[in-house]
Amino acid sequence: MSWEELRALPPLVSVVTAARALGIGRTTAYRLIKEGTFPVRTLPLGGSTKVSTASLWQVLGV
């Protein structure tokens, strides 16, 4: 994912999008979330989980 793509993300993104930005797979991302070791803030919303883009930017140094 390019820097331009990262900066254009909405305030909340899917786990799959965050995983792509972090360079990890979807399965690994969900495992880390379950273990409580995902490096980015997650928000459970209804039946899905979203990721804070601001937190993602902070981890990536954007």
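The values are calculated or read from the model by the stated rules, or taken from the named source; none is laboratory data. These numbers were taken from a predicted model, which means no experiment stands behind them. These accessible areas exclude ligands, DNA and RNA; they are computed on the full protein's heavy atoms, side chains included. Shrake-Rupley method; radii C 1.70, N 1.55, O 1.52, S 1.80 Å.
Remarks
- Accessible area per residue for the chain, computed on protein heavy atoms with a 1.4 Å probe, is 63 Å².
- Overall, the accessible surface of the chain at a probe of 1.4 angstrom is composed of carbon and sulfur to the extent of 55 percent.
- Percentage relative contact order, the chain, counting C-alpha pairs under 8 Å, at least six apart: 39
- Taking amide H atoms as placed 1.01 Å from N in the peptide plane, the amide H of K50 lies under 5 Å from those of L43, L45, each 5 or more residues away in sequence or on another chain.
- Debye-sum result for region 7-62 in log10 I(q)/I(0), which assumes one identical scatterer on each alpha carbon, at q = 0.13, 0.25, 0.29, 0.30 Å⁻¹: -0.26, -1.01, -1.35, -1.43
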